[in-house]
Each structure stands twice: as structure tokens, then as C-alpha cells.
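This report concerns only the one structure given below.
The values are calculated or read from the model by the stated rules, or taken from the named source; none is laboratory data. What you see is a predicted model, and the numbers here were worked out from it, not measured in a lab. Every residue, glycine as well, gets a Cβ built from its backbone with ideal geometry; the counts of neighbours run over all protein chains shown. Heads up: the accessible areas ignore ligands, DNA and RNA and are worked out on the full protein's heavy atoms, side chains in. Shrake-Rupley method; radii C 1.70, N 1.55, O 1.52, S 1.80 Å.
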Amino acid sequence: MPSIHADDGVRLEYGAHGDPAGRPVVLLAGFKAAAASWRYQVPALAHAGYRVLSVDLRGHGLAERPATGVDMARRGKDVANVLDALDLHRAVLVGGSMGASTVWSYLSQSAAERVAAAVSVDQTPKMLNTADWPHGFYGYAEANADTYFADGIPETGHGTPLFRRGPRLLRLLRAMKGAERELSPGELALLHDHARADWRPVIAATQLPVLFVAGAESEFWPSSHAAAAAALAPRGESAVIAHDGHAANIEQPKAFNAGLLDFLARVG
């Protein structure tokens, strides 16, 4: 994979596919996931004529792995570094899980001059459940906010059990092959920073078209987050994919790709 260096010297990696003259679609994977997890989207996007860039930000996939200093603000800066280094214009940012929050981090720090639209894949903009936001991570509330993610991502008891997902599980295992399950202290710190963020003001302020996608059977949060987030955005829309878990683009790639391509075709 080609590489670039962030403004602090850390090496980032990306894969390039499709028409170099096509509209850029930048794919940002979630926590612990590599750029290769977009394996079911890259061919479809390339076939449709897009320039597809699947990115490994620091600490993920083939990118450099600093032991410390990785938080959501730094991830947003990494996206800015990628867009600048590749001189991308009118790009569509597609983020899965933490990758979606990374899009909001980028937009909170940078003007949207290089971006035409954004897609959030099964990521609530606020993981902490509060009276004004009941669409957060199952079981995560003010009472346990400092400890809930202390040891990793908790089991919630929601969603379809893995052993009952059939082909969905096989696709998930292929896409996440090689992902490490154990979390380092730096990764736990990133997870906590991610969990405490509230991106609703950023969403409300953006003038970009935004598609919020939810898996109907997400393990992490109710699918209602997609419509609630879309209602915040001046140009937001939402979709819920049936029989789909948190890895919405992986478990049901045909349905996800169809919706993504339709949205891309409508982006001005």
C-alpha cells in the first residue's frame, strides 16, 4: 500500500482503486479495523467509476502504531493530512463505527472545502445515554461513564448472536481477518475518548449532505440513532438495513452498497 506521513511524522497507509479521475470516496474503518475491512465496498465503488481510497489511520492496519497520543482529535487531523497530501477535492468521506466519529472530528477542526458529502455507518454521534439522547451505547450512562470501557468493549446482550449469523458471520470473519482483540493502554485511552465525545453540534453545523446508516440488529445501540442524527443535520437522511449488525457494510454488503451508490449518485 502507498503511504504518506502525517504532520507529526507518523506513517499512514492507504489503498487506491478505481478511476484516478473519478470522484474520491475515502473509506475510514472503525476501531481496531483495517482498511481491508472495506473489501466488499471497494470493487463496487471502483466499478461505478469512483476513485476509491481505503485508509489506515495511525494505530490501524498497516499504518504506524504509536504507543500513546492517539485520540479522536488526532484522528481528525490524520484525515486532514490525507486529504491534503493527496490533494483531494469534492471527496465523500465514508466512516464505519469510530471511522464515522473521525469524520466529525475532522469537520470540527477543518473547513469542508475538500469534502462534498459524508456517510456514517452504524455510529451514534453520542455514545453516552442521557435524557436528551437515548440512542447511545447500551448500558452506558453517567453513573458508569468513567469505568464502562475500562477493560474494552462490553458485551451488551443485544443483536443476533454470532453463531446464528450464518453467511453474515463468514463475511465478518473474512473482513476482520488478522484484527487483534487485545487492547493496549493507548487503545483503551482512545476508546474512552471516543465514548465520551458528543458530535451532535458538529452534525448540526455542517451543510454537507450526510447519510446515516444503521444496522437493525446492531450489538451496540438502537437503530433509532440514524434517524435522530439525520434530524440534526440540515441535509441529513437515514437508512436502516434489516438483518444487519454493527458491521453494517460487512454483514449485508449488497444492501449497503446499493444504498451507498444511490446516495453518491445524488450528491451534487
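Here are some notes:
- Residue within region 101-120 that is within 22 Å of GLY186 (Cβ to Cβ), touching a residue at least 40 places away in the same chain (Cβ under 8 Å) and not in a helix (DSSP H, G or I) present: no
- Meets criteria (over 20 Å from ALA248 (Cβ atoms), free of Cβ contacts under 8 Å to residues at least 12 places away in the same chain and out of contact with any helix residue (DSSP H, G or I) (no Cβ under 6 Å at 6 or more places or on another chain)) for ASP19: no
- One residue stands out among those in region 191-219 that are more than 23 Å from HIS60 (Cβ to Cβ) and among the polar types (S, T, N, Q): the one that is surrounded by the fewest Cβ atoms within 10 Å (Cβ to Cβ), which is GLN207.
- Among the candidates ALA214, ALA205, residue that is modelled with pLDDT of 95 or more, small (Gly, Ala, Ser) and over 19 Å from ASN249 (Cα atoms): ALA205
- Looking across region 144-176 at every residue that is of a type in the set (A, V, I, L, M) and under 13 Å from HIS192 (Cβ atoms), the one that is least open to solvent (accessible area, probe 1.4 Å) is identified as ALA145.
- Region 237-258, residues that are under 20 Å from LEU28 (Cβ atoms), open to solvent by 30 Å² or more (accessible area, probe 1.4 Å) and not in a loop (DSSP other than H, G, I, E, B): GLU237, SER238, ALA239
- Restricting region 67-81 to residues that are in contact with a helix residue (DSSP H, G or I) (Cβ under 7 Å, 6 or more places away or on another chain) and in a loop (DSSP other than H, G, I, E, B), the residue that is nearest to HIS192 (Cα to Cα): ASP71
- Condition check for GLU187: open to solvent by less than 60 Å² (accessible area, probe 1.4 Å) and part of a helix (DSSP H, G or I): yes
- Verdict on PRO234 being assigned to a loop (DSSP other than H, G, I, E, B), closer than 25 Å to ALA91 by Cα and either open to solvent by 30 Å² or more (accessible area, probe 1.4 Å) or touching a helix residue (DSSP H, G or I) at 6+ places or on another chain (Cβ under 9 Å) (or both): yes
- Any hit, region 203-225, residues being touching a Leu at 6+ places or on another chain (Cβ under 7 Å), closer than 21 Å to SER101 by Cβ and either in a helix (DSSP H, G or I) or among the hydrophobic types (A, V, I, L, M, F, W, C) (or both): yes
- Within region 124-137, residues that are open to solvent by 10 Å² or more (accessible area, probe 1.4 Å) reach partners that are among the polar types (S, T, N, Q) with beta carbons closer than 6 Å, at six or more positions or on different chains, in the pairs HIS135/THR124; HIS135/SER224.
- Test: GLY49 is touching a Phe, Trp or Tyr at 6+ places or on another chain (Cβ under 7 Å), closer than 20 Å to LEU260 by Cβ and open to solvent by 10 Å² or more (accessible area, probe 1.4 Å): no
- Boolean, ALA141 is at negative phi, open to solvent by 10 Å² or more (accessible area, probe 1.4 Å) and over 16 Å from the mean Cα position of the chain (by Cα): yes
- Scan of region 52-93 for residues that are acidic (Asp, Glu), open to solvent by 10 Å² or more (accessible area, probe 1.4 Å) and in contact with a Lys or Arg (Cβ under 7 Å, 6 or more places away or on another chain), ordered by number: GLU64
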